[in-house]
1. Any idea which of A:LYS508, A:LYS585 is touching a Gly at 6+ places or on another chain (Cβ under 9 Å), assigned to a loop (DSSP other than H, G, I, E, B) and more than 21 Å from A:PHE314 (Cα to Cα)?
2. So, in the range A:309-352, of the ones that are in a strand (DSSP E or B) and surrounded by fewer than 24 Cβ atoms within 10 Å (Cβ to Cβ), which residue ends up nearest to the other protein chains (Cβ to nearest Cβ)?
3. May I ask you to list the residues in the range A:230-278 that are touching a residue at least 40 places away in the same chain (Cβ under 8 Å), under 17 Å from A:ARG155 (Cα atoms) and assigned to a loop (DSSP other than H, G, I, E, B)?
4. So, restricting to helices (runs of 4 or more DSSP H) that lie completely within the range A:113-218, which ones have at least 1 residues that are surrounded by fewer than 19 Cβ atoms within 10 Å (Cβ to Cβ) and aromatic (Phe, Trp, Tyr)?
5. Can you report the number of residues in the range B:164-197 which are within 14 Å of another protein chain (Cβ to nearest Cβ) and either within 18 Å of B:ARG66 (Cβ to Cβ) or out of contact with any strand residue (DSSP E or B) (no Cβ under 8 Å at 6 or more places or on another chain) (or both)?
6. A:GLU421 versus (1) free of Cβ contacts under 8 Å to residues at least 40 places away in the same chain; (2) outside any helix (DSSP H, G or I): which is the lone unmet condition?
7. With respect to A:TYR573, is the statement that it is touching a helix residue (DSSP H, G or I) at 6+ places or on another chain (Cβ under 8 Å) and assigned to a helix (DSSP H, G or I) true?
8. What's the number of the condition A:PRO413 fails, among (1) outside any loop (DSSP other than H, G, I, E, B); (2) within 11 Å of chain B (Cβ to nearest Cβ); (3) touching a residue at least 60 places away in the same chain (Cβ under 8 Å); (4) not acidic (Asp, Glu)?
Amino acid sequence: MATRLPEVDAVLLGVGLVGTMLGRELTRAGLKVVGLERGDPRSTVPDFQSPQMHDELRYSIHQGLMQDSARETVTFRNRDSETALPVRRFASFLPGTGVGGAAVHWNGQTYRFQDSDFRMRSRVLERYGAKIMGEDLRVQDWGVTAADLEPHYDRFEYLLGTSGRAGNIGGAKQPGGNPFEDSRSRDYPTPPMKEPYGSALFRRAAESLGYHPFPQPSSNLSQPYTNPEGMELKTCMFCGFCERFACEHYAKSSPQTILLPKLLGDKRFTLRTRCQVLRINLDSGRKQATGVTYVDGAGREFEQPARLVIVGMFALNNVRMLLLSGIGIAYDPQTEKGVVGRNYAYQTVSGAQVFFDESVNINPYMRSGASGTVIADFVSDNFDHGPLGFVGGAFIGEAMSHGRPIEFHPVPPGTPPWGLEWKRAVARHYNHTSSLTVHGSSAAVRQNHLDLDPTYKDAWGLPLLRMTFDFPDNDVRMSAYLTQKAQDIARAMIGGTAGRQVAAAPRKGPYTITQYQTTHNTGGTIMGADRSSSVVNPYLQSWDVHNVFVIGASNFPQNASYNPTGTVGALAYRAAEAIVQRYLKSPGPLVQA
Amino acid sequence: MAILAQTAASAAEQSSVSLPPAGITNCAACHGNAGQGDPAHGYPRLAGQPREYLLRQLAAFAEGRRKNAIMEPVARALKPDQLEDALRFAATPPSKPPGPAAKRDPTAERLATVGDDKRRIQACNNCHGPDGVGEGATPYLAGQISQYLASALASWKIGARNTDPSGQMPAIAKALSDADIQALARYYAALPAPGTAVGNVKPAPVPKGNAPAPGNSARPSAAPKKPVGVEQGQPTEGSGVNSQGGQARRP
């Protein structure tokens, strides 16, 4: 029997990036807020300090900061005709857990999506006609524009202190920045990161082919910075232990460094860790949430009544929470009825490796999570898709994040996979290899979706989320074309010098969950202006239960070419503004369906 | 500041370096015949300090980014060959450990190894290495002259030292109280300088092991196809030996 607690104004499901941001905005508006986090509390000191934090085995291989798959996992299959099996060990993607969420172990790549991404369906139809969509593509418009989000992107970047070089300020192109970006109101808060040598070689090669390289925007900072919340961040030391690790130097923008201490210092906020939310409770008419039910670390069940529910968990868990709570109708890929779980998308990642001779020292260990140089010439709709027969794109760049001993063993094709020859090849190539990333978009298709597994349950007896996913033909075609472009740049990097070679491979199916690709899982609670094809409205408010807001990459109708965090942050600030300025004054649907 | 010919001569004997010509301060005069530093005057220990660090410091003294009445003119006057001599001098392996270890101050030990979240100070050892042994551009702190460490932190704090492009050291020093600085200086001074630890063991040679003789291993006759791609070289296909997607069978 659950113990009923006193009602609060708002409850946060998850205290990661979104939870911290919403908690801050809501307490500042005078609300009493409880944050429920399933993981542990943690802070830069003492939890993230060296030498422990540089333990590659513990944090990267044994996934020290990630969701425990023995308690909670997903089941997976490539297609509906298969029986999904539980992921016993995360590999393809690594959901984080604990206070600060995935923004503790992220790399800090902080992009803005383009207007052509937010209007993807309209734009593709306008420019290419319906034929390019084929039968299965279900790409949609987001219900917002880049102009709608600009002030929120701006606010988010200044919260993080993002280091970058603007390409377009108020419509005026800026030299050295991304010429394809939509107009921004001002420059980045801090200048770009130092350019690593391999990135400089990429830049020269890309320029020689007529492309437009620019420094990757990084929320590992290039210099000390004090954000508008008064939080002081320090400079990245290029330690090479960023993604999958937490920052020991106060240099990576994470809730702990940018905001959380302010929130924890607010008497209106209460943080409860080790609290697993089982469901959002609804009133008898199922039109309003009354709060949540959760189990604490001692196994005790509580009901936490709340007038406002903010769902800010990892994207996949956002979808599962709505399904477990019966909010919105579950998607059925056969009839295409229902919306919760539709348009699950991912990221289509491939790459090229550049093997130099021993005169070129890449020093891969001396990298930062988001240092590097990239091009946007093949992002989104920045190039003509007409003759190509696919939609979407990719950024291509030299943005290596580490040269860690267990994980980074570059060897050219043809090298034996073990033994003396392999060891010799690793020693020969370790410091003389540069990796290019092709970070491709992911189109939504009818058949890729998320629902509740009929068989497997978590440690609390609740159905696991079931993932049905394979790479759409559209994305396989895209990857083939864009990986070739990366290979061309790689060839230009090595020039005609003997003893150098390039290896590249496009992304192909079937999708497997046993090799790491990216943790950019998107969709399932998608946003849109039309409630028949979306779960939340453009303010991320549930169409069905108006006091539930769902925020995260689960809102993306399909995934774009860039890393998602910048857009998640901008969407979160936009939702917070709508809640504080409009919803609290007059609770109810912010958009009439 | 006097340059004592006698000291210079004995330094030359010990470190086998040519002497700087008259008029340029001899390193050993202040830093000790073996680069061991001078606790009485607070001159730092140089023996075994990383070359890259020393080069940067000499450049900073010469350019005035690091203020010091003695070292600025010395560094400005150094010619390239003298610079090499100076670096060779500092590369002299340390000869003897510092005095007996003092009782560890818990506040200093915590700052050195863990940091302080309220003041957003990370552990000193994050960059200066476990037990402050230093590496590359980051100097060792262990076994350093206490008075020097305190004055160095004070210089960071007031901006008399401007040699850290990251801005980490000024920010950290500003967040430290004078009492913290004194405690940290004593803490690190009491640790054994690199190379002087008890035992001073060299790493054991790596055994040859039982690697199979060439041609005798069970190596596959043809290298399996290993496509490259993401996460710096991981495969991009799901159809390889690692593939283990959803399977069309009942569990």
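Quick note: the coordinates plus some simple rules give every number you see, no bench work behind them. Being a predicted model, the structure only gives us computed values, none of them experimental. Cβ sites come from the backbone with ideal geometry, for glycine too, and all protein chains shown count toward neighbours.
1. Result: A:LYS508 is the single residue among A:LYS508, A:LYS585 that is touching a Gly at 6+ places or on another chain (Cβ under 9 Å), assigned to a loop (DSSP other than H, G, I, E, B) and more than 21 Å from A:PHE314 (Cα to Cα).
2. Start the filter on the range A:309-352 by keeping residues that are in a strand (DSSP E or B), which leaves A:309-311, A:330, A:332, A:337, A:340, A:345, A:348-352.
Cutting the leftovers down to surrounded by fewer than 24 Cβ atoms within 10 Å (Cβ to Cβ) gives us A:330, A:332, A:337, A:349.
Numbers: A:ALA330: 19, A:ASP332: 19, A:LYS337: 24, A:VAL349: 4 Å.
Residue satisfying both the conditions and the ranking: A:VAL349.
3. A:SER253, A:SER254, A:LEU259 - these are the residues of the range A:230-278 that are touching a residue at least 40 places away in the same chain (Cβ under 8 Å), under 17 Å from A:ARG155 (Cα atoms) and assigned to a loop (DSSP other than H, G, I, E, B).
4. In the range A:113-218, A:120-128, A:146-160, A:197-208 are the helices (runs of 4 or more DSSP H) which contain 1 or more residues that are surrounded by fewer than 19 Cβ atoms within 10 Å (Cβ to Cβ) and aromatic (Phe, Trp, Tyr).
5. 11
6. (2)
7. Values: touching a helix residue (DSSP H, G or I) at 6+ places or on another chain (Cβ under 8 Å): yes; assigned to a helix (DSSP H, G or I): yes.
Taking the combined requirement at face value, the residue satisfies it.
8. Every condition holds for A:PRO413 apart from (1).
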